[in-house]
1. Please verify whether the stretch 25-37 includes one or more residues that are open to solvent by 30 Å² or more (accessible area, probe 1.4 Å) and in contact (Cβ under 8 Å) with a residue 24 or more places away in the chain.
2. Which one is most open to solvent (accessible area, probe 1.4 Å) among residues in the stretch 106-118 that are part of a helix (DSSP H, G or I) and in contact with a Leu (Cβ under 9 Å, 6 or more places away or on another chain)?
3. Determine the pairs where a residue that is among the hydroxyl-bearing types (Ser, Thr, Tyr), located within the stretch 296-323, has a partner that is open to solvent by less than 80 Å² (accessible area, probe 1.4 Å) with Cβ atoms under 9 Å apart, the partner being 6 or more residues away or on another chain.
4. What are the residues in the stretch 279-311 that are outside any helix (DSSP H, G or I), open to solvent by 100 Å² or more (accessible area, probe 1.4 Å) and closer than 30 Å to Pro126 by Cα, if any?
5. So, in the stretch 172-202, how many residues would count as being in contact with a Cys (Cβ under 9 Å, 6 or more places away or on another chain) and surrounded by fewer than 22 Cβ atoms within 10 Å (Cβ to Cβ)?
6. Going residue by residue through the stretch 203-221, is there one that turns out to be open to solvent by 30 Å² or more (accessible area, probe 1.4 Å) and in contact with a Phe, Trp or Tyr (Cβ under 6 Å, 6 or more places away or on another chain)?
7. Looking at the stretch 119-137, can you tell me whether even one residue there is of a type in the set (Gly, Ala, Ser), under 12 Å from the mean Cα position of the chain (by Cα) and part of a helix (DSSP H, G or I)?
8. Among Arg20, Arg49, Arg94, which is at pLDDT 90 or above and open to solvent by 60 Å² or more (accessible area, probe 1.4 Å)?
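The values are calculated or read from the model by the stated rules, or taken from the named source; none is laboratory data. Remember, predicted model here, so these are calculated numbers, not experimental data. Every residue, glycine as well, gets a Cβ built from its backbone with ideal geometry; the counts of neighbours run over all protein chains shown. Each accessible area value is taken on the protein alone, full model and side chains, heavy atoms only, with ligands, DNA and RNA left out. Shrake-Rupley method; radii C 1.70, N 1.55, O 1.52, S 1.80 Å.
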Amino acid sequence: MIALAVYGVAGAALLGIAHRALRRISPRLAGALLILPLAFTGKALLTGRTLGPLDIAFQAPPLQALSGQYGVAVHNGALSDVHCQYQPWRAAVRWAWSHGEWPLLNPFSLCGDLLAPSAQSGPYWPVNLIALLAPPADTLALTASLALLLAALGMLLFLRDLGCRESAAMLGAIGWAFSDFQIFWMGGGALAQAAAGLPLVLLAVRRLVASPGSRSVLVLAVSLTLCILPGHPETMAHVALLGVLYGLWQLWGIGWRPFLRAVGAALAGGAVALALTAVYLLPVVDALDQSAEQVLRRGVYAHLDRSVEWSELGTHLLPSFVPFRYG
């Protein structure tokens, strides 16, 4: 119940900040948003159960021998990243903070391994910091709840800014927060957490084009920061690209002076976001050149011909738009 109380306080605070800083949210709508994530995480938060693919541990010895005795069956083996990486990383981050140390190294992996520089441990993401207030077993349910709330709130604010009614905006918020991508990774995936703030980025871009002042710059910086700190640079690159494309669409035909003001404000917002997240980004950049992955990419992948014929392009692109095309 501690995690549920933390979620209630943190969620109400997030809604209050959005209400004052971005757009008025009626009490009825705020209550609906606060309850919304519980459709998937409520069972864990209300009963004290753990949300996470812990059943994967029973796939291998020594727990494999006990799977039949306890009736454990693996529900989704594809979530091995959550079980083998995100959960142990969070435990290591919690240990570091509780001992008054920066979460730079993981002392529990081999003879020591990267923690914050591995990016996906997300030690500075505000949601993960809030989760430190709850018992370790409840952190996945708590972070999943707050991430879903952030996703739903961002989309609702963006759609309301476009002129949608509350009911239509709420429907869009449900569609975004409960999309397959968000729900699949809600148990701890940095991918979904980094993507959750995309609607807030689009909202910031829209407002920045309409009124490129300091307030809009700050909104863009904060929204980008919320997408950077979860710890998935590739997804952040996708979010930034979509923000740029949407910005160009908004800038179409507005004239050179407004165009230059908006671009300057956007660059300022990006610079502020980089400054706010430097404590996270600089160790990641430093670690990249020392990783085996970088050696493989430069020594092998960079010299491979991965192009395809134009006649094959459609076959490769189709699953991106129709994922179930081939089963």
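1. yes
2. So the residue we want is Pro117.
3. These pairs meet every condition: Thr315/Val308.
4. Gln290
5. Total satisfying the criteria: 1.
6. no
7. No, every residue in the stretch 119-137 fails to be of a type in the set (Gly, Ala, Ser), under 12 Å from the mean Cα position of the chain (by Cα) and part of a helix (DSSP H, G or I).
8. Arg20
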